[in-house]
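Worksheet for the structure shown next.
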Amino acid sequence: MSDYSRAYSEGAFKAKLSALSGLDKLVAAARQVHALLRDPQTPIWVKGLCVAVLGYLILPTDAVADFVPVLGYGDDLAALTALIAAVAANMPKTRAE
């Protein structure tokens with residue numbers, strides 16, 4: 001896992017979400033990734049990516065610092081969205097019966 005995985009904790013995640021009020025798309029994406037992490041049926045490789053991306057979200061000093069207007073959370077949203085898209089693309093196809 002990346003260095004960001006050391007930054008993730010449940011408490012830090014909850015604190016970050018409360019600080020993100022008004023950024024509904026970012027919070028919704030973070031909640032989806034958190035739900036994947038907590039689901040016992042989620043494969044371990046997906047859980048590892050979830051921890052890394054949530055750690056990246058929590059860290060205030062990432063690629064674009066969170067205090068930068070408009071762009072500050074854009075990279076966080078991009079990372080969350082990329083993870084969700086990658087997981088969706090790798091889900092097994094269900095057969096119509």
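Read-outs: derived from the displayed coordinates by stated rules, not from any lab. What you see is a predicted model; the values in this text were computed from it and never measured. Neighbour counts run over all protein chains shown; Cβ positions are idealised from the backbone, glycine included.
For the pair residue 39 and residue 9, the difference between a 0.36 nm per residue extended length and the Cα-Cα distance amounts to 9.2 nm.
When ranked by the protection proxy of mean other Cβ atoms within 10 Å per residue, highest first, what sequence do the peptides 15-22, 54-61 form?
Values: 15-22: 12.1, 54-61: 19.9.
Sorting 15-22, 54-61 by mean packing, highest first, produces 54-61, 15-22.
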